[in-house]
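S.K.: A single structure is presented below for examination.
The values are calculated or read from the model by the stated rules, or taken from the named source; none is laboratory data. Note that the coordinates shown come from a computational prediction; the quantities given were computed from them, not determined experimentally. So basically every Cβ, Gly included, is an ideal-geometry build from the backbone, and we count neighbours across all protein chains shown.
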Amino acid sequence: MIEVAGLAKSFIARRGGTRSVVNAVIDVSFRAQDGRITALLGPNGAGKTTTLRVLATLMRADRGTAAVGGFDVAGDPVAVRAQLGVLSDARGLYTRLTARENVTYYADLRRVPRGECAERLAMLADLLDMGELLDRRTDGFSSGERMKVALARALIHDPRHLILDEPTNGLDVTSTRALRRLLRHLRDRGKCLLFSTHIMQEVEQLCDEIVIVAHGRTIAHGSAADLCRAAGAQDLEDAFVRLALGAGGREPAAAAPAQEHA
Amino acid sequence: MTISWTIFRKELTDAVRDRRTWTIALVISLLSGPVVFLLLSNFVSGIEEKVAKREVVIDHPEYAPTLVNFLQRAGATIVPAPAGYREQLRSGSLGNAVLVPPADFERKLERGEQVEVQAVFDDSHEKAQAVVRSSIRLLAGFNREVGVQRLYARGVSPGVLAPLEVREVSLAPNQARGAQLLFVVPWAALMVAVFGALSVAIDVTAGERERGSLEPLLGNPLSTGALVLGKWGVVMTYSLAIVVLTMAGFMVSMRLITNETMAALMQLEWREVAIFVALLLPFAALMAAVNMLAATFGRTYKEAQTYVSYIAMGVQFSAIVPVFLTVRDAPWQWFVPAVSQLTVLMRALRGDPIGPMDLLIPGAVCVGAAAFCLALQARLLERETIVFARS
């Protein structure tokens, strides 16, 4: 289970010689259960990526707590990383290595025995339909192929928890379907899946639980039906617009640009 | 340690498959020896040959048969000055002095008058300097001989004019004379340690950031210290391999290319090679760590190249400091990397004895500084601004 309570994170942004404080995350709280797919749904700059980076122990929160499988991300980051698989928005591969070598490198870093690694990679290659890619160097891979390798790399140690940052960005239909198939498979095996997105269709098709985040705060959470009911809307898109962007549907100007953080 | 080993193996595979980097490194290390030795030996032998041949260029030698006779007795070969010799001197194609006796040379000499003989030269050409000096020395010899004969003719002892008889007894070993010039050899070896593994150092740091693989890598349960150690291991291995190859190139060049003159000037046998390697190994280890640290600040490969080029430039300049120092082998030189290596290496080539402290102190300074750079880099990789700042 992944639990986040009262999370806050700000950055110092330097633009044109002036420094300003950007509040990327102000107050985010939610719970992602095992055996369920939870979506962090929000407009660009809502604070989704920052929240996921805190969960991945790559950023330290200013306030609030976050725990993965009962381990606090600030107190025991190594234990958190050990049971977490992360598909971040940075999916860089080593282009002089083959897909198999890229994945095996991570397996070795996580001390997965070689036999187990080979077995799991064969299974992942089958699920992601990437068998013929395995022994090719990743130089020149399409974004879909890169995503598949990065996902296999994130799952090679069979983590109990998986977080994915906008996983379908830049993917074609075939790759998106392969990804959905894999995520459902993992959920059915009792894994805890948390992913960020701003694509309604994806959320409707995949998610059991939706957490709407806007302007760095949790606005609402529940199933798609719960959210529609709460917003008095016909479909999820309407519900999202009403809940996240206000009744007028206009995005407030002060949206925190977490993804633009540099 | 297992984690560092895993990282080391992966980075080594990655670096070995980067054929471009690999080829450049190989070419640099294998060619630097032959190139340096070829240039040096050409330079040295050019001077030596002319001095040894004692070619003396005279404009109208027929004006001064007595002088020609003296020069020939002194073992010199007389070469009549070519037409337009002044131009040739300026351009450097004639690397000697041209002696110009007047038409009435013999008449004046006979009368015991002073004869003006011009020695025309252009010593802005370095190669010409030794030869010009040699020609002028020969004229001084003629002066002495004729002067002594005239004194004897007047019944005066030559000792009256020369109360001191100066006999030069040089205690400098053979190598010392050449070592001034031969600083190029240790300097080239030092530069190979600086530049050899630069591209690998950038690739494992800024390259990792540029291709977006640093963030997922740090999501693994590993310490940044282990990560830095594994990467450093590869950069250092690469660097050391290049240093060893370069030294092998030096040895082969010394045997094949070098002429006897150079061999007499410089000592580069197994003992010297061992000293080179013992000094360059810790230096290469330090340069690997320094270059990696500088490149860590680069968001892209290109940006990192700018940072490491500042370092390389600094090392290049500081390494030649000992060559121009008036105070030789001052204690502080032991503690400054690059300066200490060059100082000790030059002493080794000069044939001076090298004690254990000459190797231990520079080595320890390098190892300590490398450890500091690595620790700093491990800290940097925990910073959000380094991990997430992208171009």
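S.K.: Any residue at all in the range B:291-298 that is over 30 Å from A:Thr50 (Cβ atoms), part of a helix (DSSP H, G or I) and either within 14 Å of another protein chain (Cβ to nearest Cβ) or modelled with pLDDT of 90 or more (or both)? Spell out how you get there, then give the answer.
M.R.: First, pick out the residues of the range B:291-298 that are over 30 Å from A:Thr50 (Cβ atoms): B:291.
Now restrict to residues that are part of a helix (DSSP H, G or I): B:291.
Keeping just the survivors that are either within 14 Å of another protein chain (Cβ to nearest Cβ) or modelled with pLDDT of 90 or more (or both) gives B:291.
Scanning the range B:291-298 turns up at least one residue that is over 30 Å from A:Thr50 (Cβ atoms), part of a helix (DSSP H, G or I) and either within 14 Å of another protein chain (Cβ to nearest Cβ) or modelled with pLDDT of 90 or more (or both).
S.K.: Yes or no: A:Leu41 of a type outside the set (D, E, K, R), surrounded by 16 or more Cβ atoms within 10 Å (Cβ to Cβ) and farther than 24 Å from B:Pro221 by Cβ?
M.R.: Values: of a type outside the set (D, E, K, R): yes; surrounded by 16 or more Cβ atoms within 10 Å (Cβ to Cβ): yes; farther than 24 Å from B:Pro221 by Cβ: yes.
It is true that A:Leu41 is of a type outside the set (D, E, K, R), surrounded by 16 or more Cβ atoms within 10 Å (Cβ to Cβ) and farther than 24 Å from B:Pro221 by Cβ.
S.K.: Of all residues in the range A:85-103, which are polar (S, T, N, Q) and within 7 Å of chain B (Cβ to nearest Cβ)? Quick ask: steps written out before the conclusion?
M.R.: If we filter the range A:85-103 for residues that are polar (S, T, N, Q), which is where we start, we get A:88, A:95, A:98, A:102.
Residue satisfying the conditions is A:Ser88 alone.
S.K.: Quickly run through the range A:104-162 and pick out the residues that are of a type in the set (A, V, I, L, M, F, W, C), away from chain B (no Cβ under 14 Å) and in contact with a His (Cβ under 9 Å, 6 or more places away or on another chain).
M.R.: Residues of the range A:104-162 of a type in the set (A, V, I, L, M, F, W, C): A:107, A:109, A:112, A:117-118, A:121-125, A:127-128, A:130, A:133-134, A:141, A:147, A:149-152, A:154-156, A:162.
Checking which are away from chain B (no Cβ under 14 Å) leaves us with A:118, A:121-125, A:127-128, A:130, A:133-134.
Passing the criteria: only A:Leu127.
S.K.: For the range B:10-19: of the residues being part of a helix (DSSP H, G or I) and within 11 Å of chain A (Cβ to nearest Cβ), which is surrounded by the fewest Cβ atoms within 10 Å (Cβ to Cβ)?
M.R.: Narrowing the range B:10-19 to residues part of a helix (DSSP H, G or I): B:10-17, B:19.
Next, only the ones that are within 11 Å of chain A (Cβ to nearest Cβ) stay: B:10-11, B:13-17, B:19.
Numbers: B:Lys10: 23, B:Glu11: 24, B:Thr13: 16, B:Asp14: 20, B:Ala15: 21, B:Val16: 13, B:Arg17: 14, B:Arg19: 9.
Applying the filter and picking the extreme gives B:Arg19.
S.K.: Here's something else I'd like to know. Assess whether A:Glu166 counts as being among the acidic types (Asp, Glu) and on the phi > 0 side of the Ramachandran plot.
M.R.: Numbers: among the acidic types (Asp, Glu): yes; on the phi > 0 side of the Ramachandran plot: yes.
Considered against the rule, which asks whether it is among the acidic types (Asp, Glu) and on the phi > 0 side of the Ramachandran plot, A:Glu166 comes out as yes.
S.K.: Restricting attention to the range B:209-229, which residues are at the interface with chain A (Cβ under 10 Å from one of its Cβ atoms) and touching a residue at least 24 places away in the same chain (Cβ under 8 Å)?
M.R.: Within the range B:209-229, the first condition is being at the interface with chain A (Cβ under 10 Å from one of its Cβ atoms), and the residues that meet it are B:209-223, B:226-227.
Matches in the range B:209-229: B:Arg209, B:Glu210, B:Gly212, B:Leu214, B:Glu215, B:Leu218, B:Leu222, B:Ser223, B:Ala226, B:Leu227.
S.K.: Just one of A:Gly115, A:Gly75, A:Gly144 is modelled with pLDDT of 90 or more and within 25 Å of A:Lys48 (Cβ to Cβ); which is it?
M.R.: Unique residue meeting the criteria: A:Gly75.
S.K.: Sticking with this one: Let me confirm something: among B:Leu345, B:Leu380, B:Leu349, B:Leu359, which residue is under 30 Å from B:Arg211 (Cα atoms) and either touching a residue at least 12 places away in the same chain (Cβ under 8 Å) or of a type in the set (Val, Ile, Thr) (or both)? Working first, answer last.
M.R.: On the way: B:Leu345 fails: under 30 Å from B:Arg211 (Cα atoms); B:Leu349 fails: under 30 Å from B:Arg211 (Cα atoms); B:Leu359 fails: under 30 Å from B:Arg211 (Cα atoms).
From the options B:Leu345, B:Leu380, B:Leu349, B:Leu359, the qualifying one is B:Leu380.
S.K.: A further question on this structure: Just to be sure, is A:Pro43 over 15 Å from B:Glu384 (Cα atoms) and either among the hydroxyl-bearing types (Ser, Thr, Tyr) or more than 14 Å from chain B (Cβ to nearest Cβ) (or both)?
M.R.: It is true that A:Pro43 is over 15 Å from B:Glu384 (Cα atoms) and either among the hydroxyl-bearing types (Ser, Thr, Tyr) or more than 14 Å from chain B (Cβ to nearest Cβ) (or both).
S.K.: Of the residues that make up the range B:356-366, is at least one crowded, with 19+ Cβ neighbours inside 10 Å and within 14 Å of chain A (Cβ to nearest Cβ)?
M.R.: Checked the range B:356-366: no residue is crowded, with 19+ Cβ neighbours inside 10 Å and within 14 Å of chain A (Cβ to nearest Cβ).
S.K.: Could you identify the single residue in B:Val115, B:Val132 that is touching an Asp or Glu at 6+ places or on another chain (Cβ under 6 Å) and without any contact (Cβ under 8 Å) to a residue 40 or more places away in the chain? Explain how you work it out, then say what you get.
M.R.: Working: B:Val115 fails: touching an Asp or Glu at 6+ places or on another chain (Cβ under 6 Å).
Just a single option satisfies the conditions, and that option is B:Val132.
S.K.: Then there is this: Could you go through the range A:89-97 and let me know if any residue there is farther than 26 Å from B:Arg17 by Cβ, outside the structural domain of A:Val68 (by TED's automatic domain parsing) and either of a type in the set (Ser, Thr, Tyr) or modelled with pLDDT under 95 (or both).
M.R.: Going residue by residue through the range A:89-97, those that are farther than 26 Å from B:Arg17 by Cβ are A:89.
Cutting the leftovers down to outside the structural domain of A:Val68 (by TED's automatic domain parsing) gives us A:89.
Retained after the next criterion (residues that are either of a type in the set (Ser, Thr, Tyr) or modelled with pLDDT under 95 (or both)): A:89.
Yes: the range A:89-97 contains one or more residues that are farther than 26 Å from B:Arg17 by Cβ, outside the structural domain of A:Val68 (by TED's automatic domain parsing) and either of a type in the set (Ser, Thr, Tyr) or modelled with pLDDT under 95 (or both).
S.K.: Tally time: how many residues in the range A:46-84 are surrounded by fewer than 17 Cβ atoms within 10 Å (Cβ to Cβ), within 14 Å of chain B (Cβ to nearest Cβ) and farther than 15 Å from B:Glu384 by Cα?
M.R.: 2
S.K.: A further question follows. May I ask you to say which residue of A:Thr176, A:Thr138, A:Thr98, A:Thr104 is surrounded by fewer than 23 Cβ atoms within 10 Å (Cβ to Cβ), closer than 19 Å to A:Glu202 by Cβ and among the hydroxyl-bearing types (Ser, Thr, Tyr)? Walk me through how you get there before you give the answer.
M.R.: Details: A:Thr138 fails: closer than 19 Å to A:Glu202 by Cβ; A:Thr98 fails: closer than 19 Å to A:Glu202 by Cβ; A:Thr104 fails: closer than 19 Å to A:Glu202 by Cβ.
Residue meeting the stated conditions: A:Thr176.
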